[in-house]
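Since the structure comes first, as structure tokens, the remarks are kept for the end.
The values are calculated or read from the model by the stated rules, or taken from the named source; none is laboratory data. Just so you know, these numbers come straight off a predicted model, no measurement behind them. With ideal geometry, Cβ positions are generated from the backbone for all residues, glycine too; neighbour counts draw on all protein chains shown. Remember, those area values only see protein heavy atoms, side chains included, never the ligands or the DNA or RNA. Shrake-Rupley method; radii C 1.70, N 1.55, O 1.52, S 1.80 Å.
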Amino acid sequence: MVAPVKIEVDQLSVDFDGRFQLHNISWRLGPDEHWLVAGPNGAGKSALAAVLSGVGEITRGSITGVPARVALVSYEAQALLIDAELKKDDADILDVISEGTPVAEIIDQGTVDKALAAELIEQFGLTPLLTRAFRKLSTGETRKVMLVRALASKPDLLLLDEPFDGLDTHTHAMLLQHLHEVVRTTPTVIVLNRIDERPDFVTHIAWVEAGTVAQCVACHDTSAMALLDQLLHLKLGKIALPDPDPIDRLPALHATEPLVQITNASVKYADNVVFDGLSWTINAGEHWQLTGPNGSGKTCLLSLITGDHPQCYVNDIQVFGFQRGNGESIWEIKQFIGYVSTQLQWEYRVGTSLRNVIVSGFYDSIGLYTKPNDTQLAIANEWLAVLGMQHRADESFTQLSHGDKRLLLIARAMVKHPPLLILDEPCLGLDDMNRRLVLALIERISASGNTTVLYVNHHTEDKVIGIERQLALG
Amino acid sequence: MGTNYFNSLSLREQLEQLGECRFMHLDEFTDGVDALKGKKMVVIGCGAQGLNQGLNLRDSGLDVSYALREAAILEKRQSWKNATDNGFTVGTYEELIPTADIVLNLTPDKQHTAVVTAVMPMMKKGSCLSYSHGFNIVEEGMQVRDDITVIMVAPKCPGSEVRAEYVRGFGVPTLIAVHESNDPNGIGLTLAKAYAVGTGGHKAGVLMSSFVAEVKSDLMGEQTILCGMLQTGSLLCFDKMIEEGIDAGYAAKLIQYGWETVTEALKYGGVTNMMDRLSNPAKIRAFELAESMKDILRPLYHKHQDDIMTGHFSATMMADWANDDKELLGWRAETAETAFEKTAPGDVEISEQEYFDHGILMVAMVKAGVELAFETMTDAGIIADSAYYESLHETPLIANTIARKKLHEMNATISDTAEYGCYLYNHACVPLLADFMKPLKSDVIGKGLQLDDLGVDNARLIEVNAAIRYHPVEAIGSELRGYMADMKRIV
Ligand SMILES: NC(=O)c1ccc[n+]([C@@H]2O[C@H](COP(=O)([O-])OP(=O)(O)OC[C@H]3O[C@@H](n4cnc5c(N)ncnc54)[C@H](OP(=O)(O)O)[C@@H]3O)[C@@H](O)[C@H]2O)c1
């Protein structure tokens, strides 16, 4: 029987010496649950595990139900112990050089089950090291000592932060086998960088992002797991964003000219004025966020840029070197723009394959009306791989979930590497997990080079990393 | 008013022009809109076609402005709003027509004689006059100044579709023609092609035809299968369901959305696919109902085509124009008072398949109407391609309008000419089908066959399938849909 631990973390914020903060964490660890804590680097995974072992200063909220005897294995805990050992040296007043605490003593300090300790020492191959000073060990050896010490202490809650890191395959397998024993009686929380390497006793996953628990997923919930896998793939995947079509490139733009220059624009109808006297310049490489309440004219302003608003012909608008209303066609403008919105998704009710949807981005069309060439098809396949959807290329677009559709439309918009990518409320109507997926993709795009991102959102606070400029309407 | 142009032709010329029709290939449009670049295009009228064609042409890089009649400007009518809200230059005939290189006459057909007569003296020497329907030239025999080139660019879709498809990066099938007695410089075809490109039509397929063939087939299609049959079908099916004790809300919904749903299947795979959506016993039943209806209605279809060919139809309608549209307005009011129009669709869930299963009679009506219209047109010398577009192809587009707001919406969207013809057909068709309708029960409309055993006789099924599949509308249909699929038209 697993000890009936029930930990409740409620709107918890924790400060770590001013160096790092976790904030607003709500999380429930029930009996019979073993958790995996996952998330991108620097998100706060290790900090979260440390909090359960009592590290950090609680600035808000509460945490209850943590048992008295908690064992934590982590690099930080390891470093602390080594630090303490080194300090002992410094503090030594005797003129004798200290050998430091031997490994045997370090292990013994916490041991509850001596027989188990002996067995583990043997299994981890620590016997020859027992008399060595702890601080003299290599990192890998120290790590093994920490593991043995934690396991032999028979804790009521076991916290393992990257426990397999640096272990050879043999030791890894041995530890894993042992953990299968341990989890029968001890609730365990494991921090791992790679979700796909999680041991099969893990029942739940806490996805940590930007200092908080962003998502909790039960492993038996297959659809939620699929989304999580996709998110990980996007966040941590090493696949580079595909190149544009090498032959059929977009015409080059003048390097110093702004992408968009709107001067003193107004949009008026017979009986209503949407906005008046609006000027805006978007230079290449300047990512913008456009905010404003509903009805403030955000979409209207965007459609002046894309050419979808008929009044673009009566305003002073320069886009991609074209002064609008001088005999340019709308397709000459659209070729420079990638565009995604809820409206587009609504209009894109096309029963075609996922691959074709991406290819249609080369033609700025809804549906595909031109026979694509092999390069275009190959590029579309690469994009599907970025999204983790390569095996679904021939599925029908109409059958996709909301969130997957949105991802696909973003890939469609990006396929030609447009100088300007317009994302009009790209997260609208998406649940949390899908929002995260979309934002992860946007972050990858805005970090990756030649596309200037224009991100529209009616919440000023909903920011995307890397987008600094802001225009607020209304 | 001039004399009927078609009737002034010799039989040889009539047959030649009726038979003029060729599907153009995409590579015939490589010059794009070049022939119209920098030219001043002035549209008269800013309604369904005027506004939407103008938006497309402007987005294709062309110079478009609107000449409206003075009253429309002064009273800021809808047409004025359409043009100004969309950022177009609007002016009077006097201001704009003399500057025009091409005048696009997109006013209602009924107004064409008055409008063309008014603007012709103001038009530049050597300019071009274009239409989207040939009624004025063919039926009214409008005589246009010799130096003016007269062309037609007729999208085979309502104006809203013309725009929607362009925005998606596609277009709608379009018919182009040059009026042979008005092509003084031989540039008519070049201009018509550039215009078709400007509206996006070239992507969906262009038929090069004649004014005569366009008018005679367009009138036939819209009066019979497209609008007439759907109107008659709606009224008869609704009344039958009420008589059979089916909930009125359900009946109204089954019809309002049923046409759209069953004809959607036509788009993908013609009559064959629509029939294949039924179970085997239901298919055989629908086939038999359609055969009976075809026998009953064949004389009516012939009469419509004959009246269109002789000019009797247009003369009758023009007489009504002269009589302040008495008939048209009367029929319109009558339609508004029908039980179907006045019953709101019920708040019931009807699945896509149920529209077929419970709408066997509707499917049969579509099949009968499409085939009869196609047969009658081709018998009259109209080329199959053209007959296909004017019958099967447009049926789902019109059905969509009924889904929006019933017959009212359909009759408001289509031209006055189509509306007049539709009522005319309906008046003759309802009594013709009375005896046929009498014994029918809710198994063919409203409830479905509800069979436990879906077994059918093999030989009979093969016979029925063959009859459906080998109908000539299916052959040309799969060929033309194939062209579209070539262009990866994905509906
Ligand atoms: N609807 C279709 O599905 C369709 C399809 C293909 C081709 N067509 C053809 O396209 C043409 C236009 O049809 P439509 O359906 O677009 O017509 P519509 O929607 O009724 O629009 C007609 C326009 O002409 C103006 N107008 C009416 N009477 C006028 C007059 N006496 N003088 C000047 N302007 C006048 C109207 O504005 P004001 O009343 O405000 O002046 C209105 O803007 C017709 O030849 C039709 O056969 C139609």
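Check whether at least one residue in segment A:389-396 is under 25 Å from A:Leu231 (Cα atoms), away from chain B (no Cβ under 11 Å) and in contact with a Pro (Cβ under 7 Å, 6 or more places away or on another chain), and report yes or no. No; the residues of segment A:389-396 include none that is under 25 Å from A:Leu231 (Cα atoms), away from chain B (no Cβ under 11 Å) and in contact with a Pro (Cβ under 7 Å, 6 or more places away or on another chain).
Going through (1) within 14 Å of chain B (Cβ to nearest Cβ); (2) in a helix (DSSP H, G or I); (3) of a type in the set (Gly, Ala, Ser) one by one, A:Ala440 falls short only on (1).
Restricting attention to segment B:48-84 and to residues that are over 25 Å from the mean Cα position of the chain (by Cα) and aliphatic (A, V, I, L, M), the residue that is surrounded by the fewest Cβ atoms within 10 Å (Cβ to Cβ) turns out to be B:Ala71.
For segment B:87-111, a residue qualifies if it is modelled with pLDDT under 95 and either within 10 Å of chain A (Cβ to nearest Cβ) or farther than 18 Å from B:Tyr131 by Cβ (or both), and exactly one does: B:Gly87. On the stretch given as segment B:33-47, residues that are open to solvent by less than 10 Å² (accessible area, probe 1.4 Å) and within 11 Å of chain A (Cβ to nearest Cβ) total 1.
Note on segment B:337-423: enclosed helices (runs of 4 or more DSSP H) holding 3 or more residues that are away from chain A (no Cβ under 14 Å), open to solvent by 40 Å² or more (accessible area, probe 1.4 Å) and more than 16 Å from the ligand (Cβ to nearest atom) are B:352-357, B:360-379. Of the residues making up segment A:318-360, just one is assigned to a strand (DSSP E or B), within 11 Å of chain B (Cβ to nearest Cβ) and open to solvent by less than 30 Å² (accessible area, probe 1.4 Å), namely A:Ser353. Restricting B:Thr149, B:Thr199 to residues that are among the β-branched types (Val, Ile, Thr), within 23 Å of B:Ile97 (Cα to Cα), in contact with an Asp or Glu (Cβ under 7 Å, 6 or more places away or on another chain) and in contact (Cβ under 8 Å) with a residue 40 or more places away in the chain narrows the list to B:Thr149. Count of segment B:302-336 residues, restricted to those that are of a type in the set (A, V, I, L, M) and not in a helix (DSSP H, G or I), is 0.
May I ask you to say which residue of A:Val37, A:Val112 is among the β-branched types (Val, Ile, Thr), surrounded by 14 or more Cβ atoms within 10 Å (Cβ to Cβ) and either outside any helix (DSSP H, G or I) or touching a strand residue (DSSP E or B) at 6+ places or on another chain (Cβ under 6 Å) (or both)? Steps first, answer last, please.
Details: A:Val112 fails: surrounded by 14 or more Cβ atoms within 10 Å (Cβ to Cβ).
Result: A:Val37 is the single residue among A:Val37, A:Val112 that is among the β-branched types (Val, Ile, Thr), surrounded by 14 or more Cβ atoms within 10 Å (Cβ to Cβ) and either outside any helix (DSSP H, G or I) or touching a strand residue (DSSP E or B) at 6+ places or on another chain (Cβ under 6 Å) (or both).
Within segment B:112-132, residues that are more than 14 Å from every other protein chain (Cβ to nearest Cβ) sit with their Cβ atoms under 6 Å from residues that are within 8 Å of the ligand (Cβ to nearest atom) and small (Gly, Ala, Ser), at 6+ positions apart or across chains, in these pairs: B:Ser132/B:Ala154. Tally the residues that are out of contact with any Leu (no Cβ under 9 Å at 6 or more places or on another chain), touching a residue at least 40 places away in the same chain (Cβ under 8 Å) and open to solvent by 50 Å² or more (accessible area, probe 1.4 Å), restricting the search to segment A:389-410. The qualifying residues number 1. Within segment A:361-388, the set of residues being away from chain B (no Cβ under 14 Å), assigned to a loop (DSSP other than H, G, I, E, B) and open to solvent by less than 10 Å² (accessible area, probe 1.4 Å) comprises just one member, A:Leu387. Against the numbered list (1) among the basic types (Lys, Arg); (2) more than 26 Å from A:Glu328 (Cα to Cα); (3) within 12 Å of another protein chain (Cβ to nearest Cβ), B:Arg69 comes up short only at (3). Contact annotation: residue pairs with Cβ atoms under 7 Å, 6 or more positions apart or on different chains, pairing a residue in segment B:44-61 that is β-branched (Val, Ile, Thr) with a partner that is within 6 Å of the ligand (Cβ to nearest atom), are B:Ile44/B:Leu106; B:Ile44/B:Thr107; B:Ile44/B:Val115. What is the number of the single condition among (1) open to solvent by 20 Å² or more (accessible area, probe 1.4 Å); (2) away from the ligand (no atom under 16 Å from the Cβ); (3) outside any loop (DSSP other than H, G, I, E, B); (4) not aliphatic (A, V, I, L, M) that B:Gly477 does not meet? B:Gly477 satisfies all of (1) open to solvent by 20 Å² or more (accessible area, probe 1.4 Å); (2) away from the ligand (no atom under 16 Å from the Cβ); (3) outside any loop (DSSP other than H, G, I, E, B); (4) not aliphatic (A, V, I, L, M) except (1).
Before we move on, is A:Val260 crowded, with 20+ Cβ neighbours inside 10 Å and within 14 Å of chain B (Cβ to nearest Cβ)?
Judged against the criteria, A:Val260 is not a match.
Could you check, for segment A:210-225, whether at least one of its residues is surrounded by fewer than 14 Cβ atoms within 10 Å (Cβ to Cβ) and among the hydrophobic types (A, V, I, L, M, F, W, C)? Yes, segment A:210-225 contains at least one residue that is surrounded by fewer than 14 Cβ atoms within 10 Å (Cβ to Cβ) and among the hydrophobic types (A, V, I, L, M, F, W, C).
Of the helices (runs of 4 or more DSSP H) lying entirely inside segment B:147-254, those containing at least 2 residues that are more than 16 Å from the ligand (Cβ to nearest atom) and more than 18 Å from the chain's Cα centre (by Cα) are B:188-198, B:201-204, B:230-243. Considering B:Asp443, B:Asp435, the condition of being part of a helix (DSSP H, G or I) and charged (D, E, K, R) is satisfied by B:Asp435 alone.
Taking (1) touching a strand residue (DSSP E or B) at 6+ places or on another chain (Cβ under 6 Å); (2) more than 10 Å from chain A (Cβ to nearest Cβ) in turn, B:Asp63 satisfies each apart from (2).
Within segment B:25-32, none of the residues are surrounded by 22 or more Cβ atoms within 10 Å (Cβ to Cβ) and within 14 Å of chain A (Cβ to nearest Cβ).
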